[in-house]
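Scroll down for the structure; my scribbles are underneath it.
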Amino acid sequence: MKRVLWYLIAGSRGGKNRARIIEAIHDRPYNINQLSKELDLDYKTVQHHIKILEDHDVVNSGTETYGNMLFLSNRMEENYSTFLEILSKMRN
């Protein structure tokens, strides 16, 4: 998971937005529309990043319907400290 997080957050374009999404969902569940408003990002941008995070088992949304609440996956919850470590290194 550490390598996946390095790739998703530090190793590719959009990592900063994906990090913001992960932090927001860690605090509380959101749907894509709520996240776009909370983070002041375009709906399609958030939707794109959520798809990437789902593909890498970072976020779960249940079924593919509008308005689903997004949660961090169990695997991501277990590795949240690794995520914080990566963020810390990026900001320095």
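The values are calculated or read from the model by the stated rules, or taken from the named source; none is laboratory data. This structure is a prediction, so every number in the text was calculated from the model and none was measured. Please note: Cβ atoms are built from the backbone with ideal geometry, for glycine as well, and neighbour counts cover all protein chains shown.
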**Item:** Number of positions in the range 12-58 that are in contact with a helix residue (DSSP H, G or I) (Cβ under 9 Å, 6 or more places away or on another chain), under 25 Å from E85 (Cβ atoms) and not basic (K, R)
**Value:** 24
**Prompt:** Any idea which residue in the range 33-61 is farthest from I9 (Cα to Cα), counting only those that are in contact with a strand residue (DSSP E or B) (Cβ under 8 Å, 6 or more places away or on another chain) and outside any helix (DSSP H, G or I)?
**Reply:** S61
**Request:** Please state which of the following conditions T65 fails to meet, knowing it meets all the rest: (1) at pLDDT below 95; (2) within 18 Å of K2 (Cβ to Cβ); (3) loosely packed, with under 13 Cβ neighbours inside 10 Å.
**Result:** (2)
